[in-house]
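Take a look at the structure set out below.
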Amino acid sequence: MSDLRELYQEVVLDHSKAPRNFHALPDASADAEGFNPLCGDQVHVYVTLEGDLVKDVALTGNGCAISKASASMMTQAVKGRSREETLALFERFHWLVTGGVQDPDELGKLAVFAGVSEFPVRVKCASLAWHTLKAALEGARAPVTTE
Ligand code: ZN
C-alpha cells in the first residue's frame with residue numbers, strides 16, 4: 001500500500017500541475033458544469049461524440065489538486081471509449097474511491113485513487129469530474145450529422 005501511496009502523490013502532483021486535455025471544446029456535442037461546494041471545486045466538461053463513441057473529452061475549471069488530477073486522468077481514461085464503457089468505468093471508479101473495489105488493478109492508472117477512500121471528504125473532489133461527465137453524456141444532444 002505504501003508504494004501506491006507514493007505513486008498517488010506523484011500522480012496527483014503531476015496531473016494537478018499540468019492537467020491534460022485542459023481546454024474548452026468549441027464543437028462539443030455535449031457539456032455540463034459541476035460544482036463541489038464542500039471544497040470549492042468547479043469543472044466544465046466537454047464531450048465530442050461520434051455515434052456512441054467518446055471521440056474527445058476536455059475540461060476547464062478550477063479546484064484542489066485531487067479534483068484537478070482526477071479530472072485530468074478521467075479525460076485520458078475515457079477518450080475513445082463507448083458511452084456505455086465510460087459509464088461502467090465511472091461506476092467502478094466510484095466504488096474504488098468509496099472503498100468498494102476488491103481488485104483496483106481493473107482500473108489501470110486510476111487505481112492510485114484507492115487511497116481517497118480513507119478520506120471521505122475527498123471522495124467528492126475525486127468524483128466531481130466523473131459526475132459531470134455522466135451528466136453531459138446523459139443530457140447529450142444528438143450529435144450533429146450531415147446525413
Ligand atoms: Zn476538492
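Overview of results
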quantity	calculated
Residue within the range 82-89 that is at pLDDT 90 or above, in contact with a Leu (Cβ under 9 Å, 6 or more places away or on another chain) and within 16 Å of the ligand (Cβ to nearest atom) present	no
Qualifying residue in the range 30-43 (condition: in contact (Cβ under 8 Å) with a residue 40 or more places away in the chain, open to solvent by 20 Å² or more (accessible area, probe 1.4 Å), closer than 13 Å to ALA136 by Cβ and out of contact with any Phe, Trp or Tyr (no Cβ under 6 Å at 6 or more places or on another chain))	yes
Lone unmet requirement of (1) open to solvent by 10 Å² or more (accessible area, probe 1.4 Å); (2) in contact with a helix residue (DSSP H, G or I) (Cβ under 6 Å, 6 or more places away or on another chain) for VAL97	(1)
Every residue from the range 61-81 that is within 16 Å of the ligand (Cβ to nearest atom) and surrounded by fewer than 23 Cβ atoms within 10 Å (Cβ to Cβ)	GLY61, ASN62, GLY63, CYS64, ALA65
Test: residue in the range 4-14 that is at pLDDT 95 or above, in contact with a helix residue (DSSP H, G or I) (Cβ under 9 Å, 6 or more places away or on another chain), within 25 Å of GLU118 (Cβ to Cβ) and open to solvent by less than 50 Å² (accessible area, probe 1.4 Å)	no
ALA142 vs. criteria crowded, with 18+ Cβ neighbours inside 10 Å, modelled with pLDDT under 95 and out of contact with any His (no Cβ under 8 Å at 6 or more places or on another chain)	no
Within the range 63-109, tally of residues that are on the phi > 0 side of the Ramachandran plot and part of a helix (DSSP H, G or I)	1
PHE22 being of a type in the set (Phe, Trp, Tyr), touching a helix residue (DSSP H, G or I) at 6+ places or on another chain (Cβ under 9 Å) and open to solvent by less than 60 Å² (accessible area, probe 1.4 Å)	no
Residue match in the range 81-94 (condition: under 27 Å from GLY40 (Cα atoms) and touching an Asp or Glu at 6+ places or on another chain (Cβ under 7 Å))	yes
Scope the range 20-46; condition within 16 Å of the ligand (Cβ to nearest atom) and farther than 19 Å from VAL123 by Cα; matching residues	none
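The values are calculated or read from the model by the stated rules, or taken from the named source; none is laboratory data. Just so it is clear, the structure is predicted and the values come from calculations on it, not from any experiment. When we count neighbours, we look across all protein chains shown, and the Cβ atoms used for this are built from the backbone with ideal geometry, even at glycine. Note: areas computed on protein heavy atoms with side chains; ligands, DNA, RNA excluded. Shrake-Rupley method; radii C 1.70, N 1.55, O 1.52, S 1.80 Å.
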